[in-house]
Structure formats: C-alpha cells, structure tokens
Amino acid sequence: MAGPAIVSRSSPLGALPSAACSAQAGAATELRRSDFEFSLPPELIAQHPAEQREGARLLHVRADGCHDEHIPDLLGKFQAGDVLVLNDTRVIKARLLGEKESGGRVEALIERALSSHRAHALLRTSHAPRPGLRLRFAAPGAAPRASGAATVLGRDGDLFELEFEAPLDEVLEAAGQVPLPPYIRHAPLAEDAARYQTVYARAPGAVAAPTAGLHLSEAMLAQWRARGVHIAFVTLHVGAGTFQPVRTERLREHRMHSERFHVPPATADLVNQAHERGRQVIAVGTTSVRALESSVRDGRVQAGGGETRLFILPGFAFQCVDRLLTNFHLPGSTLLMLVAAFAGPGPVLEAYRHAVSVRYRFFSYGDAMLVERAGSRLSAPDAGESARS
C-alpha cells in the first residue's frame, strides 16, 4: 500500500482555537508556530542517558492533571489484550565529516540511501556545494581518503544528492558516526553507540532514534508479554527532517519531509482486533503514531507501506492510537504539535510548564510522558492509582 503524500483528517485550521488556548472555543483563529513555544532552561536538555534504560522519570498526563511517576510504573498500566506498538527502525552511522576537494570542511548527514552508491544528504559547509564538487570523508582524526569520496550531483530543496565512489554502507561503516541530535553537544561516545538505539532496533535506515523507545528494556518487554500484552512493530525510518525547524509562522504553510514506513500484516491485525474487542492501542513514540495513522483506510489499519508527509496538528481525527508514550520535545516542533493534537493543547502545554518547574530532563536522552488521548475513557485516573503530582 503506498502512503499518500499528505494524509489529512483534520478540521479546517480556521475553525480551531489557538494552540495556546488563548482564544475562545469556536473563534476563527489560525494555528501558528508561536502557539507552541515555551521557555526551556538549557540545563534541562539531557546530554547523556540515564544510567539504566528504566531509570528515567515519567509524567503521566491525564484529564485530571499531571502525575509524577517513573518508567517502571508503566508495567502496571497495560492489560492483557492491549497492543504496544514499537518502531523497529535502526539508526545508521549517518554523520560523515570531511573536506571539499577545493578546501574547507564539510559535514554530511545521510538522509536516505537511494541506491548502493547514491544518497540524499544534508550538507553543512561554508558555501552551498555546486554539482560536480568532489567531497572526501574519513573517520574522526583520520585524513580524508579517496575511498570515502563522493560527488555532488544536484540539489532537491534542503537535500543534496551524492554519488559515492565506494558502496555507501562500506563508507558509513568505516567513517560514519552516530548522528546525535544537534542539541547534544558532545562528540559521540562509546555509550551512544548502544544507548542511542532501542533494544528492538532491527531495520537499518534511520538518522535519528525513535527516542521514546530508548526507555524500554528487554526485561520490561518480557514482563508485558507474560501479562498478555501484545508487542507489535511498525517501521518508520526517521529522516533528517526531524532536526529541521518549522520556519513558517503559519503552520498550514509548513511541509514535512517525506519518510518511509511499513506496517506488517500481523501488526495491522492486532491493532484492528484490539479495537474490535475494546482493548487499547499504545504507540511508543510519535513515529509509531504517524506510521499507524498514515495506514488507516475506512477506519481500519491496512498492512503495507510507502512514503508519508503526515503533519498532525490540533483538530486531527485520530483513528487507531489510544495512548502515547513520548519524550519531551523541542519548542515549536512538529513533534510537540502532534502531542498537543493528541491530548489537547491546553493539557500538554500545562504539562510542559509542570515538567520545567520540577526539573524533568528534556529531548532524546531525557524523561518521558505517557499521554492519554483527549476524550478517551482512560483520560480519567486509572483504577486504584493514586496521584503523586
């Protein structure tokens, strides 16, 4: 099944209240990037992962407010018959450092492989490279080598097409680095090779980790399975667009980068059966949400895959995800907008204010949120659960 260029099930933007909840319901306002900005002290941006995968804090966001918990508390929140959907994409060593043949440094972030020797990449250099320019890459501390050479073929928007003289996978293995996000300030360390990867990663192709899954260990997955919780997988290869800021103030003018996704038949069946039986579908990460919601046709998840540019904003009609496990996201980012669409802009922005006030750790190596979909029957407190906020 080929995914559409843009999947849209949202109501017209002009019919939505402001994402900052400053307008009255029903007022004719337009969603803007500034509606999703918030103040974040830089010291709250996590630079290293927690000592253990399960060691992070968890903010449970429900209709009755925010509840401060920890990742192990997730074990008791899902029941037999529920479906936990994980993105099994694997991060490749997509960052290359080198120099232009004409002189000057260059950094390439491979966005996706087009063939064994060609790729789309973001390039950081002093001047925009022109077609025909030769680049040479090497491992950090080594001299650039001809075996890591590539030629710029052309440009498509933010991305450049490169042709490598050696097979791309060989170049990345020899010279590539873990593509840590730009807000992590240290060079990749030994811990990053293991911890910037989920324990269930198996489909190479991402340039960024589906970070909500970084909190889950093999032991946690085994305990859920033992309790009858179904573990299902989708694949969405996170592209370089995840690092790109929203440059337009009016959100309807923003265009998402295309990303490849696949939903296996077994996952589609489990999700559809869960809804038929009144069970919950829990997406681990915004990428799992986008893969599932991009696959819905006539109210059911269809197996298959393709390309998606799905941009989820408040007003989007979610059809298959009931709960979302996610990290804390960048101000003004499309990921924050998706979470605000899922739980409601007001509750999410209030949750972020709470997280800042009690010093949660933010972004890829930070803490997590469990978010209930606005209007779902689980927006109320869980049975027997006490609030600790």
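The values are calculated or read from the model by the stated rules, or taken from the named source; none is laboratory data. What you are looking at is a predicted structure, and each value in this text was computed from that prediction instead of being measured. Heads up, the Cβs are rebuilt from the backbone with ideal geometry, glycines too, and the neighbour counts pull from every protein chain shown. Protein only, heavy atoms only, side chains kept; ligands, DNA and RNA dropped before computing areas. Shrake-Rupley method; radii C 1.70, N 1.55, O 1.52, S 1.80 Å.
List of remarks:
Every residue, every condition in (1) open to solvent by less than 40 Å² (accessible area, probe 1.4 Å); (2) among the basic types (Lys, Arg); (3) at pLDDT below 95, yes or no:
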| site | (1), (2), (3) |
| --- | --- |
| Glu54 | no, no, no |
| Leu59 | yes, no, no |
| Asp64 | no, no, yes |
| His67 | yes, no, no |
| Asp73 | no, no, no |
| Asn87 | yes, no, no |
| Val91 | yes, no, no |
| Gly98 | yes, no, yes |
| Gly103 | yes, no, yes |
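- Residue check for Val152: over 29 Å from Arg247 (Cβ atoms), β-branched (Val, Ile, Thr) and part of a strand (DSSP E or B): no
- Hey, Leu325 under 22 Å from Asp82 (Cβ atoms) and surrounded by 21 or more Cβ atoms within 10 Å (Cβ to Cβ) or not: yes
- No other residue among Arg124, Arg185 is assigned to a loop (DSSP other than H, G, I, E, B), out of contact with any His (no Cβ under 7 Å at 6 or more places or on another chain) and modelled with pLDDT under 95 apart from Arg185.
- For the range 258-296, a residue qualifies if it is hydroxyl-bearing (Ser, Thr, Tyr) and surrounded by fewer than 24 Cβ atoms within 10 Å (Cβ to Cβ), and exactly one does: Ser258.
- In the range 297-322, residue surrounded by the most Cβ atoms within 10 Å (Cβ to Cβ) [restricted to those that are outside any loop (DSSP other than H, G, I, E, B) and out of contact with any strand residue (DSSP E or B) (no Cβ under 9 Å at 6 or more places or on another chain)]: Arg300
- The set of residues from the range 108-121 being open to solvent by 50 Å² or more (accessible area, probe 1.4 Å) and either in contact with a strand residue (DSSP E or B) (Cβ under 7 Å, 6 or more places away or on another chain) or at pLDDT below 90 (or both) comprises Ala113, Leu114, His117, Arg118.
- Among the conditions (1) under 16 Å from Ala56 (Cβ atoms); (2) surrounded by fewer than 16 Cβ atoms within 10 Å (Cβ to Cβ), the only one that Leu214 does not satisfy is (2).
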